[in-house]
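Scroll down for the structure; my scribbles are underneath it.
The values are calculated or read from the model by the stated rules, or taken from the named source; none is laboratory data. Computed from a prediction, not measured in an experiment: that's the story for all the values here. With ideal geometry, Cβ positions are generated from the backbone for all residues, glycine too; neighbour counts draw on all protein chains shown. Side chains are part of the model used for accessible areas, which takes the heavy atoms of the whole protein and leaves out ligands, DNA and RNA. Shrake-Rupley method; radii C 1.70, N 1.55, O 1.52, S 1.80 Å.
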Amino acid sequence: MPAPRTVLLTGAAGGLGTLMRDLLPGYGYELRLLDLRPIEGAPDAIVADLGDREALREAVRGVDAIIHLAGISLEAPFEKILRANIEGTYNLYEAAREEGVGRIVFASSNHAVGFTPRPQGDAPFDPGALIPIDTPRRPDTFYGLSKSFGEDLAQFYWDKYGLETVSVRIGSCFPEPTSVRMLSVWMSPADGARLFHAALTAENVEHTVVYGSSANTRLWWDLTTARSLGYEPQDDSEPYAEKLIAEQGELEPGNIAHAYLGGHFVSDPPLWPY
Ligand code: NAI
Ligand code: 15L
């Protein structure tokens with residue numbers, strides 16, 4: 001596969017999309033932007049809903065690959081998740097198949113496995129205690145269910161149509177970690193760009209599922225599949241640990257919102273902040 005150059009970035013107006021709009025051109029990509037919302041300073045961005053199949057076909061035409069970030073990014077009523085994340089992702093895959101796009105990088109989430117108990121004890125955890133990528137999926141929300149669906153959809157489009165995907169179970173990608181949980185699941189924006197670049201350029205990924213985080217001292221999961229793409233994380237949340245723990249305290253095993261990978265998403269309703 002020739003290295004992709006033109007990449008459609010869906011969800012380009014969002015938090016992660018905004019970070020990636022800044023960082024990915026540094027890797028030589030030409031980004032085509034799409035979002036429900038207009039993007040200030042980007043008059044060429046496509047303003048379209050994932051429900052609009054015709055607009056999606058036009059948006060994907062001629063691109064080498066897609067980074068699919070668009071959708072609802074927190075818990076929401078099932079009907080809304082169904083339209084944006086489940087039907088919307090299906091619509092995008094159909095458009096990609098119809099237009100012959102060879103690869104999608106899908107923004108899955110740790111919430112596809114959010115009800116997985118986190119490693120217990122003191123970090124850094126023994127490699128054998130890290131959550132493997134093939135741990136059974138245990139969504140913690142309708143949102144997490146939609147990411148689980150997206151991973152299955154990606155597998156199906158590879159098996160049936162040869163459309164490749166890297167599904168990235170992103171932890172928390174924000175400029176800085178803002179909670180004690182995030183010390184374990186944080187992905188720095190720079191590492192996010194490194195991982196997306198690796199996912200776009202690695203050979204023969206078929207459908208590969210990876211966790212998306214930095215090389216955190218307190219890491220909960222196994223980054224082997226991400227590293228197999230050529231990803232080499234450079235950042236670690238540890239410099240933020242002392243301040244966050246002083247403010248918020250250590251995670252307590254007896255607190256349900258501290259016991260699972262998904263943090264507060266496991267509560268009903270999810271409790272914020274996470
Ligand atoms: P965000 O909520 O800031 O951005 C999502 C964007 O998608 C928004 O700009 C929104 O307008 C757009 N969008 C929503 N519904 C749409 C529709 N029907 N059609 C077109 N565009 C639509 O979310 P964020 O944080 O930027 O996350 C991006 C993606 O990464 C999401 O899919 C999220 O689930 C996933 N993710 C993000 C994590 C993070 O730490 N930021 C962690 C795990 C997953
Ligand atoms: C996600 O999937 C969300 O999109 C993001 O906003 C964060 O909440 C993140 O997970 C997290 O688990 O911290």
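See the values below:
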read-out: Segments 7-15, 70-78 sorted - mean Cβ within 10 Å per residue, highest first; value: 7-15, 70-78
read-out: Solvent-accessible area per residue, Å², over the chain with all protein chains present [probe radius 1.4 Å]; value: 44
read-out: Positive-pole candidate from Gly11, Thr141, Leu92, dipole of the chain, charges at beta carbon; value: Leu92
read-out: Accessible surface of Glu176 - all protein chains present, 1.4 Å probe, nearest 10 Å²; value: 100
read-out: Sequence of Arg21, Arg83, Arg138 from largest to smallest accessible area, 1.4 Å probe; value: Arg83, Arg138, Arg21
read-out: For Ala257, net neighbour charge (Lys/Arg +1, Asp/Glu -1) across residues whose Cβ lies under 15 Å away; value: -3
read-out: Nearest-20 debye value, the chain charge dipole, Cβ charges on Lys, Arg, Asp, Glu; value: 280
read-out: Simple spin-label estimate for Arg227 and Ala129 in nanometres, 7 Å along Cα-Cβ; value: 1.8
read-out: Selection from Val210, Ala76, Gly192 lying farthest towards where the dipole of the chain points positive, charges on Cβ; value: Ala76
read-out: Ranking by accessible area, most exposed first, for Trp158, Trp186 with a 1.4 Å probe; value: Trp158, Trp186
read-out: The range 132-274 - percent of accessible surface contributed by carbon and sulfur, probe 1.4 Å; value: 51
